[in-house]
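Remarks on the structure that follows.
The values are calculated or read from the model by the stated rules, or taken from the named source; none is laboratory data. Quick caveat: nothing in here was measured; it's all calculated off a predicted structure. Reconstructed Cβ throughout: ideal geometry from the backbone, glycine too, with neighbour counts over all protein chains shown. Areas reflect the complete protein model, heavy atoms only, side chains present, ligands, DNA and RNA absent. Shrake-Rupley method; radii C 1.70, N 1.55, O 1.52, S 1.80 Å.
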Amino acid sequence: MLNIEHLDLSFGDSKVLDDINLEVHKGEVITFIGPSGTGKTSLLRCINLLEKPDGGRITLGGDTYDYGSITKKETLDLRRKTAMVFQQYNLFKNKTVLENVMDAQIVVQKKSKAAARDKSMAELARVGLEAKADAYPHQLSGGQQQRVSIARALAVEPEVILFDEPTSALDPELVGEVLKTIGEVAGSGMTIILVTHEMSFAEDISDRVVFMDRGKVAEEGPPQQIFRHSNHARTQQFLRKFYTASH
Amino acid sequence: MDIQYMIEIFPRFLLVIPITILIVVLSAIFGLMLSIPVAAIRIRKIPVLSQMMGAYISFTRSTPILLQLFLFFFGLPVLLQLIGFDIMKIDAITAAVACLIVFNGAYMSEVLRPAYLAIEKGQHEAAESLGYTPFQKMKTVIIPQMAPIALPGLGNAIIHLIHDSSLVFAIGVVDIMGMATIMSGDTFGMKQVEVFLTVALIYWGISMISEQLIRLLERRKKKVLKNTGYKLKEEEAGYSV
Ligand SMILES: Nc1ncnc2c1ncn2[C@@H]1O[C@H](COP(=O)(O)OP(=O)(O)OP(=O)(O)O)[C@@H](O)[C@H]1O
Ligand SMILES: [Mg+2]
């Protein structure tokens with residue numbers, strides 16, 4: 001359903017993503033792990049063109065887009081099939097919770113206000129925040145803001161939701177509620193690409209785990225293989241370091 | 001002091017107050033419209049154009065407005081002739097309005113620019129990632145957040161503009177100040193204090209009314225600011241000129 005071929009990205013002289021190939025099936029949950037500065041965020045940002053790759057192709061929802069020659073219209077088109085959940089939530093500060101979830105449906109999808117409201121309230125109920133519909137983002141905890149941003153992503157019914165370290169800006173006691181919400185979204189059959197440092201969560205939720213190293217896919221496979229039986233030296237080294245650092 | 005005389009001449013000023021208001025309103029509206037592309041060029045740092053806008057802003061800031069008025073009044077016809085229009089002289093009001101539009105285009109761009117830059121990158125990216133066009137993003141996300149930040153600076157610009165407009169009499173516009181100079185001539189300089197005191201009172205009144213209008217907008221701004229949770233000090237919010 002989502003297919004990336006030969007994606008390259010550089011910033012100036014430094015090559016950040018080097019010939020990335022990735023195939024994601026409908027309803028699959030793919031998790032990216034890897035050392036800092038490896039290009040995980042950059043890859044997610046390339047998928048919805050917040051960053052413009054130097055070359056490569058992406059196929060999503062039946063259409064293929066050539067990164068090298070993508071037009072403005074194609075860019076909007078591709079973005080409208082994806083949704084992003086940011087590390088810093090990035091809720092629209094001038095809008096209430098409900099308006100945050102409704103806005104893209106009205107502005108981008110041209111839905112009626114009533115339809116957008118119904119859909120938004122349903123999504124807010126799904127993340128357990130319908131009671132906060134009229135609050136402004138800054139009145140919510142980080143965990144609540146992140147759950148609203150998940151509702152905002154769900155509300156546009158994207159082909160895939162991209163999560164970039166959705167819990168790493170949160171206080172530890174708020175991480176659980178957001179992971180639970182993501183777990184529910186995954187359980188509902190949504191296609192998910194997730195970048196996270198929450199290893200045990202990744203192991204639980206993922207259909208496939210990709211270990212990235214220095215701009216390349218170093219190893220990929222089912223979670224048990226990556227986390228328990230990796231025979232790839234860099235992966236083992238990364239996980240060992242990771243576990244000693246966090247325990 | 002002849003208060004009776006001040007009351008007598010007041011109606012004559014009423015006739016020319018619309019001229020001042022016309023000049024102020026046109027300069028404010030078109031100045032704001034001009035300031036948007038100027039700010040955009042500077043924000044995007046478009047090569048060459050950005051440097052040109054920098055020079056333009058610096059020039060309008062660092063030369064007296066009176067001088068700029070003369071440059072427009074005498075210079076515009078020359079410029080128009082160069083590009084093929086055969087005009088010997090332009091109407092003083094036209095020159096005055098053109099000059100103040102150009103002045104405010106620079107001034108207001110320096111209010112909009114910091115207001116734009118105060119909006120976090122994440123706000124742009126959230127809208128972009130959902131497929132908003134640049135126009136949709138500006139309209140529904142960015143401008144509503146910029147407005148409360150830019151408002152004090154824009155309000156300031158308008159108060160300045162009201163005061164600066166009193167200089168247009170120098171190129172022959174019969175505005176409030178122009179009328180005052182005519183009257184003080186009429187009385188052979190006998191009633192100058194009364195005439196200029198009346199003018200001062202009129203400017204005071206116009207400024208007060210404008211301030212009240214701006215304050216109405218500011219009340220809305222306070223509400224928006226409270227909602228967004230931005231804690232902005234007024235100083236960093238657009239008094240940069
Ligand atoms: N806008 C940019 N301009 C220049 N270099 C950038 C930019 N964004 C990222 N980089 C560089 O690209 C590389 C990959 O960054 P990226 O943020 O994708 O890594 P990451 O795997 O998400 O790291 P982390 O785990 O720390 O979030 C890094 O070396 C980073 O410094
Ligand atoms: Mg990252």
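Using a simple spin-label model with pseudo-atoms 7 Å out from Cα toward Cβ, residue A:57 and residue A:138 lie 4.8 nm apart.
Remind me, what semi-axes does the range B:3-240 give for its equivalent ellipsoid, largest first in whole Å, using sqrt of 5 times each Cα gyration tensor eigenvalue?
Working: eigenvalues 287, 119, 33 Å².
In descending order the semi-axes read 38, 24, 13 Å.
Rounded to the nearest 10 degrees, the inclination of helix A:233-246 to the longest alpha-carbon principal axis of chain A is 50 degrees. Shape call for the range A:131-185 from the C-alpha gyration tensor, a ≥ b ≥ c root eigenvalues: rounded (a/c under 1.5), prolate (a/b greater than b/c) or oblate? It is oblate, given that a/c is not under 1.5 and a/b is not larger than b/c. Per-residue shielding of A:66-77, expressed as the average number of other chain Cβ atoms within 10 Å of the residue Cβ, stands at 1.
The slack in the chain from residue A:216 to residue A:72, taken as 0.36 nm per residue of separation less the alpha-carbon distance, amounts to 49.0 nm. If R0 is taken as 51 Å, the Cβ-Cβ distance between residue A:169 and residue B:61 corresponds to a FRET efficiency of 0.80.
Both radii are taken from the alpha-carbon atoms of the range B:116-241; with Rh as the Kirkwood radius, Rg/Rh is 1.20. Shielding of peptide B:214-227 by partners, expressed as the average count of other chain Cβ atoms within 10 Å per residue Cβ, is 1. Its alpha carbons considered, the range A:91-157 gives a radius of gyration followed by a Dmax of 10.5, 31 Å.
Compared with the dominant principal axis of the Cα atoms in chain B, helix B:143-164 is inclined by about 20°.
Can you tell me the orientation of helix B:65-82 relative to chain B, as the angle in degrees between its alpha-carbon axis and the longest Cα principal axis, to the nearest 10? Approximately 80 degrees, to the nearest 10.
How many percent of Cα pairs in chain A exceed 28 Å?
Details: 10036 of 30381 pairs.
The proportion of pairs with Cα distances above 28 Å equals 33 percent.
In the protein assembly as shown, the C-alpha radius of gyration followed by the widest Cα-Cα span (Dmax) gives 30.1, 104 angstrom. Legend: residues in the range B:129-159 shielded by at least 20 square angstrom of accessible surface upon adding the remaining protein chains to the isolated chain (1.4 Å probe, heavy atoms) are B:129, B:130, B:131, B:132, B:133, B:136, B:140, B:141, B:145. When the pairs A:81/A:110; A:73/B:45; A:95/B:121; A:73/A:95 are compared against a 23 Å limit on Cα-Cα distance, A:73/B:45; A:73/A:95 fall above it.
Using C-alpha pairs below 8 Å separated by at least 6 residues, the relative contact order for the range A:91-157 is 47 percent. Once you put a point 7 Å from the Cα of residue A:241 and another 7 Å from the Cα of residue B:118, both along the Cβ direction, what distance in nm separates them? Distance between the two pseudo-spin positions: 4.2 nm. Interface burial in the range A:85-103, defined as at least 40 Å² less accessible area with all protein chains than with the chain alone at a 1.4 Å probe, covers A:90, A:92, A:93, A:94. Summary of packing: across the peptides A:168-174, A:235-241, the per-residue average of other C-beta atoms within 10 Å ranks them, highest first, as A:235-241, A:168-174.
Distance between the 7 Å Cα→Cβ label points at residue B:212 and residue A:112: 4.4 nm. The solvent-accessible area of residue A:1, taken with every protein chain present and a 1.4 Å probe, is close to 60 Å².
What is the calculated FRET efficiency for residue B:29 to residue B:188, with r their C-beta to C-beta distance and R₀ = 51 Å, to the nearest 0.05?
Values: r = 40 Å, r/R0 = 0.79.
Computed FRET efficiency for residue B:29 and residue B:188 comes out at 0.80.
Taking every residue in A:150-156 and counting other chain Cβ atoms within 10 Å of its Cβ, the average works out to 1. Working ranking of peptides B:56-63, A:45-52, B:138-145 by packing, defined as the average number of other Cβ atoms within 10 Å per residue, highest first, is A:45-52, B:138-145, B:56-63.
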